[in-house]
Amino acid sequence: MEDQRAAYRAFMEAHLYPNEAALAREDDDAAVLIADLRARAKAEGLWAPHLPPEAGGTGQGFLAYAHLNEEIGRCVWGQLVFNCQAPDAGNGEILHMFGTDEQKAEFLAPLVSGDTRSFFSMTEPEVSGADPTGLRTTATQDGGEWVIDGHKWFSSGAEDAGFGVVMAVTDPDADRHSRMSQILVPSDTPGIGIEPVPVMGHRGRGWSTHCEVTYTNVRVPLSNLLGERGAGFRIAQKRLGPGRIHHVMRWLGQMQRAFELMCSYALEREAFGGPLAEKQTVQNWIADSAADIQACRLLTLDAAHKIDQGDEARVEISLVKFFAARVLNEVIDRAIQVHGGLGLTDRTPLAAMWAMARGGRIYDGPDEVHRMVVSRRILKEFASGGVYRFS
């Protein structure tokens, strides 16, 4: 594992960090550079580490992937360069688990090879994103086709993507967890409208967009149903659980990088007769950050280990999701505070990291929902006459 980490670290030091400013411009030159870096990463065998070899990746399980993300996650462009970016990583996983041979050939193969991107179209502006059982987008059967009508947003990466995985109500009279199905929809299908929505002042381009998507009489073959009819909610949980821990894995890299910048600058910058590192407040920030980061690491590695053992680790994933989101925001904020005005500029990566970190407390389930999930599962053990045992 150390050899693999070293390979990713060396690639990022040689190709990612020196090009961060150029990539952040998100112009035509940046697109060419991304394509070149992706080709280099693929040639060096640093490709799709989230998927197993039988799916076309180089992955060795969640625990190994967690360690690799302590390197990959340090730069936001790392996941895209190594083809393990959200939302494609999660879409690749459910296609591998639930897709037919034909679907894997049409959708999964080009996704893993890097020839296309995808988006996951679930969240809707009219209903709570934290409760997908209330979704309103419909897919009705008409002969040999699904006819999809609805309104989505926060379909991340939808601009210029090749296809989407659309969550739609196919059985409105079924129980609330069996009403929905997931359907594969090519982006060039007539009736689809895709419009990026600026987030925190950032419009994005291509992969980095967060889009509003409308479906008006969108027709696709019945064979584009992913998994069983009515299994949309269950497949979403299979996707979102690993997707949440994928986010946390990347955040480990982000928070460690912010921590290193904070410590280095505290030693370098002088104020009131000495370096900032000698000020008690700064020392407290460093100590608290070190404790929080290590706690996040161990929680993440524990959840990853349990997933590798066949456990869905729902409590562990929810626990680390809300805890890590808080730590990420706090560590980056402390690092910015130590840097002072410099931390607000684009001369360090901290300001961009902070703007992206705030969303971590909302997407893939807000903190409050994950706290509710954890507390309910713990209390259920006590209500049944047992206790919750830490393991």
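Do we find a residue being among the hydroxyl-bearing types (Ser, Thr, Tyr), in a helix (DSSP H, G or I) and over 24 Å from Glu260 (Cβ atoms) anywhere in segment 290-309? Looking through segment 290-309, none of the residues is among the hydroxyl-bearing types (Ser, Thr, Tyr), in a helix (DSSP H, G or I) and over 24 Å from Glu260 (Cβ atoms). Of the residues Lys306, Lys321, the single one that is of a type outside the set (Asp, Glu), without any contact (Cβ under 8 Å) to a residue 40 or more places away in the chain, in contact with a helix residue (DSSP H, G or I) (Cβ under 9 Å, 6 or more places away or on another chain) and under 22 Å from Gly241 (Cβ atoms) is Lys306.
Would you say Val248 is within 30 Å of Ala168 (Cβ to Cβ) and in a helix (DSSP H, G or I)? Considered against the rule, which asks whether it is within 30 Å of Ala168 (Cβ to Cβ) and in a helix (DSSP H, G or I), Val248 comes out as yes.
Applying the criterion of being at pLDDT 95 or above and among the aliphatic types (A, V, I, L, M) to the residues of segment 200-229, the residue that is farthest from the chain's Cα centre (by Cα) is Leu222.
Rundown of residues vs (1) touching a helix residue (DSSP H, G or I) at 6+ places or on another chain (Cβ under 9 Å); (2) closer than 30 Å to Arg5 by Cα; (3) in a loop (DSSP other than H, G, I, E, B), yes/no style:
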{"residue": "Thr189", "(1), (2), (3)": "no, no, yes"}
{"residue": "Gly204", "(1), (2), (3)": "no, yes, yes"}
{"residue": "Glu212", "(1), (2), (3)": "no, no, no"}
{"residue": "Arg219", "(1), (2), (3)": "no, no, no"}
{"residue": "Ser223", "(1), (2), (3)": "yes, no, no"}
{"residue": "Ala236", "(1), (2), (3)": "yes, no, no"}
{"residue": "Arg239", "(1), (2), (3)": "yes, yes, no"}
{"residue": "Ala258", "(1), (2), (3)": "yes, yes, no"}
{"residue": "Ser264", "(1), (2), (3)": "no, yes, no"}
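With respect to Asp333, determine if the residue is open to solvent by 40 Å² or more (accessible area, probe 1.4 Å), part of a loop (DSSP other than H, G, I, E, B) and under 30 Å from Ala271 (Cα atoms). For Asp333, the condition - open to solvent by 40 Å² or more (accessible area, probe 1.4 Å), part of a loop (DSSP other than H, G, I, E, B) and under 30 Å from Ala271 (Cα atoms) - is not met. Listed by first and then second residue, the pairs linking a residue in segment 167-181 that is farther than 12 Å from Ile235 by Cβ and modelled with pLDDT of 95 or more to a residue that is assigned to a strand (DSSP E or B) and among the β-branched types (Val, Ile, Thr), with Cβ atoms under 7 Å apart and 6 or more places separating them unless they lie on different chains, are Ala168/Thr138; Ala168/Ile148; Ala168/Ile183; Val169/Thr138; Arg179/Val169. Return a yes/no flag: does segment 37-58 have any residue that is modelled with pLDDT of 95 or more and hydroxyl-bearing (Ser, Thr, Tyr). No, the conditions are met nowhere in segment 37-58. Here Ala22 passes the criteria (1) open to solvent by 40 Å² or more (accessible area, probe 1.4 Å); (2) of a type outside the set (Phe, Trp, Tyr); (3) part of a helix (DSSP H, G or I) except the one numbered (1). Quick one: in segment 242-278, which of the residues that are open to solvent by 60 Å² or more (accessible area, probe 1.4 Å) and free of Cβ contacts under 8 Å to residues at least 24 places away in the same chain is nearest to Gln85 (Cα to Cα)? By that ranking, first place goes to Glu260. Within segment 338-353, track down each residue that is surrounded by 14 or more Cβ atoms within 10 Å (Cβ to Cβ) and over 21 Å from Val199 (Cα atoms). Scanning segment 338-353 gives Val338, His339, Leu342. Tell me, yes or no, whether segment 358-369 has at least one residue that is touching a residue at least 60 places away in the same chain (Cβ under 8 Å), open to solvent by less than 80 Å² (accessible area, probe 1.4 Å) and either of a type in the set (Phe, Trp, Tyr) or more than 15 Å from Arg244 (Cα to Cα) (or both). Scanning segment 358-369, I find no residue that is touching a residue at least 60 places away in the same chain (Cβ under 8 Å), open to solvent by less than 80 Å² (accessible area, probe 1.4 Å) and either of a type in the set (Phe, Trp, Tyr) or more than 15 Å from Arg244 (Cα to Cα) (or both), so the answer is no.
Among the residues of segment 1-26, those identified as in contact (Cβ under 8 Å) with a residue 12 or more places away in the chain and of a type in the set (D, E, K, R) are Arg5, Arg9, Glu20, Glu26.
The values are calculated or read from the model by the stated rules, or taken from the named source; none is laboratory data. Source: prediction; values computed, not measured. Methodologically, a virtual Cβ is constructed for each residue, glycine included, from the backbone with ideal geometry; neighbour enumeration extends over all protein chains shown. Keep in mind that these areas ignore ligands, DNA and RNA; they rest on the heavy atoms of the full protein, side chains included. Shrake-Rupley method; radii C 1.70, N 1.55, O 1.52, S 1.80 Å.
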